[in-house]
Amino acid sequence: MAFRGKEMMKKLVRKVGGEKNLAPGVKESLKKCVPDSRIVMNRAKRGLFAGKHIQFGNRVSEDGGNKTRRNWKPNVQEKRLFSYIMDRHIRVKVTTHALRCIDKAGGIDEYLLKTPYHKMDTEMGLYWKTKIEKLYEELGQTEVAFFTPEEEAKLEQDFKDMKLAQRAARRELRRQMYGGSSKQKQIEQGSADTQETAEEAAKILSEGIPNEYAPEDLVANS
C-alpha cells in the first residue's frame, strides 16, 4: 500500500493537535526524514515494525529448480507496553524485532526517544515519538517541590484515609444497590428471629404459662 510523506505529515500534525503542540524544530526534522513516497505494508501504519516489512522472493523446487514467486511477512504480535510518561499501557502491534529493540532500549519511552526519525518508517511510530517528546518537554518545564519527612508522612496518611473512605463508600453503595449479600441477609434474619423468640418468651413469663403448654400434674392441681 503506497502513501506519500505529505499525507503522513498532515495526519501526524492533526493527531497531535496542530503545529502549536509540536516541539521546536520537530516539524522541520520530520520534513527532512519523511520521504516523499514510500511503499509500506498497510498494517505497518498501525504498529511499530522497526524496519521489518514484507519481503518478496522465489520458491525454488528441489527437483527441477523451478522458481515460484512468494513473500515473507514479519512476525507481528499485539502487546500491551507500559509508558511511564503517560502512566498507562499502550496497546500496539509490534514485530519480534521491535520487541527486542524496546527491551534493549529499556522501555517503549526510551525506544521512541532514542530512535531517530528516519528509522521511524511507520505512521504510528512517528506519531508516538512526537507525542512523547512533547510530554517530556512539558515535564522538564514543571516545577519540583520537596517535602520534609513529616509532610511526606502526613501526605501518606491522608492518602490511606482517602482510600479507606472510598472503599467504605463503595461498600455502602453496593449495599444500597444490591441490598447486601445473601449471607448477610441470613445473619440479619437469624438475629431478627432470635429477638422475636426472646420477646415471646418474656411475654409468656409475664402473663403466666397457658394450659396447653403447662405439664399435666400442674393443670390437675390447679
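Assorted remarks:
- 24 Å tail of the calculated P(r), segment 37-141, as % of Cα pairs: 33
- Modelled this way, with points 7 Å down the Cα-to-C-beta line, the labels at D158 and S61 are 7.9 nm from one another.
- Accessible heavy-atom area order of T115, T197, T148, highest first, probe of 1.4 Å: T197, T148, T115
- Taken along the Cα-to-beta-carbon direction at a fixed 7 Å, the label points for E150 and K114 span 4.5 nm.
- Sum of side-chain charges, K79 neighbourhood, beta-carbon under 10 Å (Lys, Arg +1; Asp, Glu -1): +2
The values are calculated or read from the model by the stated rules, or taken from the named source; none is laboratory data. Since this is a predicted model, take the numbers as computed values, not measurements. Neighbour counts run over all protein chains shown; Cβ positions are idealised from the backbone, glycine included. When the accessible area is computed, the model is the full protein with side chains, heavy atoms only, and any ligands, DNA or RNA have been set aside. Shrake-Rupley method; radii C 1.70, N 1.55, O 1.52, S 1.80 Å.
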